[in-house]
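These notes concern the structure reproduced below.
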Amino acid sequence: MTKVNRTSTQITREDIEEAHRAGWSDEALYDAITVCAIFNFYNRWIDATGVQDMPFFGYQMSGRRMATEGYIYEEKE
């Protein structure tokens with residue numbers, strides 16, 4: 001995925017064929033490219049707007065919540 005992140009305009013048919021030979025389906029390639037594109041967008045948006053990373057404690061709390069309650073958070077009534 002390095003080429004997707006650094007030189008996406010230079011991806012060739014040969015690159016796609018090589019990925020297919022390695023076992024990647026078109027759907028898997030599409031999903032991987034989409035994830036790379038979204039993370040690139042978010043990283044640039046965060047850098048340009050000055051959004052600060054959350055403190056380490058925030059990651060700890062989030063990790064504990066996901067470990068005990070799963071990835072999707074539902075408020076309890």
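All of the numbers you see were taken from the coordinates with simple rules; none came from a lab. The model shown is predicted, which means the values in this text are computed figures rather than measured ones. Backbone-built Cβ (ideal geometry, glycine too); neighbour counts: all protein chains shown.
At a glance:
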| item | result |
| --- | --- |
| Tensor-based shape of the chain (alpha-carbon gyration tensor, a/c under 1.5 rounded, otherwise prolate or oblate) | oblate |
| Where labels lie 7 Å past Cα in the beta-carbon direction, separation of ALA32 and MET61 in nm | 3.7 |
| Simple Cβ-charge dipole of the chain, Lys/Arg +1 and Asp/Glu -1, about Cα centre, in debye nearest 20 | 300 |
| Degrees, to the nearest 10: 26-49 long Cα axis against longest axis of the chain | 60 |
| Degrees between helix 56-69 axis and first principal axis of the chain (Cα, 0 to 90, nearest 10) | 90 |
